[in-house]
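> Please read through the structure below; I'll follow up with questions.
The values are calculated or read from the model by the stated rules, or taken from the named source; none is laboratory data. Computed from a prediction, not measured in an experiment: that's the story for all the values here. Heads up, the Cβs are rebuilt from the backbone with ideal geometry, glycines too, and the neighbour counts pull from every protein chain shown. In case anyone asks, the SASA skips ligands and DNA or RNA and just uses the protein heavy atoms, side chains included. Shrake-Rupley method; radii C 1.70, N 1.55, O 1.52, S 1.80 Å.
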Amino acid sequence: MLRLARRIGSPVSTAALLVATVPVLTLLGWGSTSDALSASSSTVVYRFGVVGNRGALTQLQLDRPAQVLGIKGRVVQVATSNSDGYALTSSGTVWAWGVASYGELGNGTDPPYSTRSVEVEFPAGVRIVALANPMPFDGALAIDSQGNVWGWGLDALGDLCLSGLTELKPVELPLHDVTLATGARTHTLFDSGGSVYACGNGQYGVLGTGSTTSSATPVPVIGLPSRVRVTALTSSWEGSGALLANGAYYDWGYNAAGQLGNSSTADSDMPVRVSLPGGVRQVFQGGSGPTNGQTIVILADGSVWAWGDNDRGQLGDGRRVSTDAPVRVDVPRGVSFVKVSSGGYASFAIDRSGRLWAWGGNQSGQLGTGGTPLVATRPVMVGIRLIQISSTAQNVAGLRGSTLRS
C-alpha cells in the first residue's frame with residue numbers, strides 16, 4: 001500500500017513563463033539565449049547508468065560519467081531513451097549509441113549494442129533541428145528544419161505513428177509544422193500547427209483523448225485550454241504532460257502513486273491542471289514502469305517542486321513517502337537549480353554554475369556517484385559540470401559546456 005503525503009499548494013498564478021524567443025532554442029529545451037551561447041563550445045557528451053531493452057547490458061553500465069566517443073561536430077542537444085543516447089550537432093546531424101535490437105541507432109543495422117556513437121542516416125538534404133526529450137522506449141524522434149518529424153526503432157503499438165513494426169532508419173511521420181515532440185514506453189506526443197496530438201497505446205488514458213482507445217495515427221489531445229500556446233511537452237511510462245505559456249501545467253494518464261499531482265490516485269484520460277504556488281518555468285516527467293513515476297518542476301520564482309512516487313527518494317524532500325500533490329525539493333542552501341530532469345527512480349538538476357546534482361535510486365549507477373550512496377533522498381553533487389541533462393529509465397546523458405548564466 002502506497003503511503004500518500006499531501007502538500008497542496010495554491011492555484012497556479014499567471015506569472016509570465018520565461019521562454020526563449022528564438023523557436024529553435026525553445027525546441028532544444030533551452031530557457032534563454034545565454035544557454036545557447038554556452039553551448040557554442042560544447043563538444044563533450046557523457047553517459048552513465050545503464051541502458052537495455054531486454055534486460056540491462058552490463059557492458060553498457062557505468063556508475064560514473066564517461067565520455068561518448070565518435071561524435072563529429074559541435075553538440076547542441078542530448079536526449080535519451082531507455083535503451084540509447086542521442087546527440088544533435090549544430091550542422092543538423094544526429095549521433096546515437098547504445099542498444100540496437102530494434103534499429104534504435106538509426107543507421108540501418110541492428111547489432112546488439114554500440115558503446116561508440118554512430119551517425120543516424122537521414123535522407124539527403126534533411127537537417128535536424130531538435131530531438132524529442134525523452135525519446136520513446138526503444139525508439140527515437142527528431143524534428144527537421146521544415147517542421148517534419150522523423151521516427152525510427154520499435155513501433156510495436158503505433159507509438160511512432162508508423163505502420164512498420166521496426167524501422168532501421170528514420171521514416172517521416174504523417175505530421176507537419178511540428179515544433180515539439182516527446183515519447184515514452186508506447187506513446188508519443190507532438191505539437192503540430194499549434195495543437196497537441198498523440199499516438200500509440202491508449203492504456204490508462206495516456207493519449208488524452210477522453211478514452212483509453214489506442215491509435216496508430218495521430219489523434220488530438222482534448223481538454224487543454226484553447227488559445228494558450230504550449231511551450232513544452234513531457235512524457236513518462238504511461239504519463240503525458242503539457243506546459244503552457246501562462247505557466248500552467250497539465251498532465252494526464254497513469255496515477256497509481258499520485259503521478260498527476262492533483263491530490264488523487266485515479267487515472268485520467270484528459271488533462272488535469274496541477275495546483276502549484278506559482279507559474280511553472282520548466283518541467284520534466286520521469287518513470288519507467290508501474291512501480292515508479294514522478295514529475296519535477298522549477299517555478300518562476302526559482303523554487304523546485306516534485307510529486308508522485310518517492311520509494312527511492314526521487315522527490316528529493318528527504319523522505320521516502322509518495323505524494324499525490326506537490327512537495328518542495330530540498331535544494332541545498334545557497335544553490336539555485338536552473339534545469340531539471342527525471343528518469344525511472346532518480347532525478348537530476350543543473351545549478352546556476354553548471355554543477356550536476358542527482359538524487360533517488362542508484363541501483364544501476366544512474367546517479368553517477370560511483371555506486372554510493374545506494375539511495376539519496378536529497379540532492380548530492382555528481383562532480384561534473386553540464387549545460388544539459390537527459391534521463392530515461394536508468395539511462396543518463398549529459399552535455400558539457402561553459403558556465404550557465406541566468
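> Please work out which one of (1) over 17 Å from residue 149 (Cα atoms); (2) assigned to a strand (DSSP E or B); (3) open to solvent by 10 Å² or more (accessible area, probe 1.4 Å); (4) of a type outside the set (Phe, Trp, Tyr) is the condition residue 129 fails and give its number.
(1)
> Give the residue that is most open to solvent (accessible area, probe 1.4 Å), with candidates limited to residues of segment 84-106 that are closer than 19 Å to residue 130 by Cα and of a type in the set (Gly, Ala, Ser). Lay out the reasoning, then the answer.
Filtering segment 84-106 down to residues closer than 19 Å to residue 130 by Cα leaves 84-97, 104-106.
Imposing the further condition that a residue be of a type in the set (Gly, Ala, Ser) reduces the set to 85, 87, 90-92, 96, 106.
Numbers: 85: 1, 87: 0, 90: 42, 91: 74, 92: 5, 96: 0, 106: 0 Å².
Looking at the filtered set, the residue picked out is 91.
> While we're here: Could you tell me whether residue 124 is farther than 29 Å from residue 226 by Cβ, touching an Asp or Glu at 6+ places or on another chain (Cβ under 6 Å) and without any contact (Cβ under 8 Å) to a residue 24 or more places away in the chain?
No; evaluated as a whole, the condition is false for this residue.
> Related question: In segment 137-149, which residue that is free of Cβ contacts under 8 Å to residues at least 40 places away in the same chain and open to solvent by 20 Å² or more (accessible area, probe 1.4 Å) is nearest to residue 172 (Cα to Cα)?
Once the filter is applied, the top-ranked residue is 148.
> Moving on to the next point. Out of 212, 234, 179, I need the residue that is open to solvent by 50 Å² or more (accessible area, probe 1.4 Å) and either in a strand (DSSP E or B) or among the small types (Gly, Ala, Ser) (or both). Which one? It would help to see each step written out before you state the result.
Working: 212 fails: either in a strand (DSSP E or B) or among the small types (Gly, Ala, Ser) (or both); 234 fails: open to solvent by 50 Å² or more (accessible area, probe 1.4 Å).
Among 212, 234, 179, only 179 is open to solvent by 50 Å² or more (accessible area, probe 1.4 Å) and either in a strand (DSSP E or B) or among the small types (Gly, Ala, Ser) (or both).
> Here's a follow-up. Please verify whether residue 304 is farther than 30 Å from residue 140 by Cα and touching a strand residue (DSSP E or B) at 6+ places or on another chain (Cβ under 8 Å), treating the condition exactly as stated.
Numbers: farther than 30 Å from residue 140 by Cα: no; touching a strand residue (DSSP E or B) at 6+ places or on another chain (Cβ under 8 Å): yes.
Answer is no for this residue.
> Residues that are open to solvent by 20 Å² or more (accessible area, probe 1.4 Å), farther than 19 Å from residue 68 by Cβ and at pLDDT below 95: list the strands (runs of 3 or more DSSP E) wholly contained in segment 335-406 that include at least 1 such residues. Spell out how you get there, then give the answer.
Values: elements: 337-342, 346-351, 355-361, 375-385, 388-392, 395-399.
Because the criterion is at least 1 residues that are open to solvent by 20 Å² or more (accessible area, probe 1.4 Å), farther than 19 Å from residue 68 by Cβ and at pLDDT below 95, no strands (runs of 3 or more DSSP E) in segment 335-406 meet it.
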